[in-house]
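Dropping a structure here in structure tokens format, bear with me for questions.
The values are calculated or read from the model by the stated rules, or taken from the named source; none is laboratory data. Remember, it's a predicted structure, so these values are computed and weren't measured experimentally. Ideal geometry is used to build each Cβ from the backbone, glycine not excepted, and the neighbour counts take in all protein chains shown. Each accessible area value is taken on the protein alone, full model and side chains, heavy atoms only, with ligands, DNA and RNA left out. Shrake-Rupley method; radii C 1.70, N 1.55, O 1.52, S 1.80 Å.
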Amino acid sequence: MAIKQISIFLENKQGTLVQITQVFADLKINLKAMSLADSTDFGIARIIVDNPDEIVTKIQQKDYIAKVNDVIAIEIPDETGSLNSILKLLAENGRNVEYMYGFTGKKTNSAYMIMRTTDIEKAEVVLKNAGIKTLDQKDLGEI
């Protein structure tokens, strides 16, 4: 039940982020979540949207290097220790979290995390067996 994330490679210079967000605005792309990581020369914008396969093509047509990859989205209680419990569970089951970022939605008392893990399918099984709600692309449209 992995969801799709778009990763866009950006040059790390003034104005680049404004340019890509203008592309999103021009294409009427509503971002559900976004994370930005940087290094000296480049950055990676990771975004969650309702229809990633269609949107990545449009972004590529604007001469950006972009790709779609699978990540896990989970709903967790918005309370102290929730994330720690989930990370312990994954670690105890041999799953490494490569990166993650969070976002909130309309639902109160819930938070959402996007995770890239080793062996996504196995990580999803571990999470589901522990009663942790994983989200699919349709669920994102309702948040």
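Look at Asp50 and say whether it is modelled with pLDDT under 90, out of contact with any Asp or Glu (no Cβ under 8 Å at 6 or more places or on another chain) and open to solvent by less than 80 Å² (accessible area, probe 1.4 Å).
yes
Out of the residues in region 99-143 that are acidic (Asp, Glu) and either in a loop (DSSP other than H, G, I, E, B) or surrounded by 13 or more Cβ atoms within 10 Å (Cβ to Cβ) (or both), state the one that is modelled with the highest pLDDT.
Taking the candidates together, the pick is Glu124.
Here is a follow-up. Quick check: anything in region 91-104 touching an Asp or Glu at 6+ places or on another chain (Cβ under 8 Å) and touching a residue at least 60 places away in the same chain (Cβ under 8 Å)?
No, region 91-104 contains no residue that is touching an Asp or Glu at 6+ places or on another chain (Cβ under 8 Å) and touching a residue at least 60 places away in the same chain (Cβ under 8 Å).
Which members of region 10-29 meet the condition of being assigned to a loop (DSSP other than H, G, I, E, B) and either surrounded by 12 or more Cβ atoms within 10 Å (Cβ to Cβ) or touching a Cys at 6+ places or on another chain (Cβ under 7 Å) (or both)?
Asn12, Leu27, Ile29
Just give me the residues in region 53-69 being in contact with a helix residue (DSSP H, G or I) (Cβ under 6 Å, 6 or more places away or on another chain) and open to solvent by less than 20 Å² (accessible area, probe 1.4 Å), in sequence order.
Ala66
Those residues that are closer than 18 Å to Ile72 by Cα and among the basic types (Lys, Arg), I need them from region 22-51; list them, please.
Lys32, Arg46
Turning to a different aspect of this structure: All but one of (1) over 30 Å from Thr16 (Cβ atoms); (2) at pLDDT below 95; (3) outside any strand (DSSP E or B); (4) among the β-branched types (Val, Ile, Thr) hold for Ile76; which doesn't?
Answer for Ile76: the failing condition is (3).
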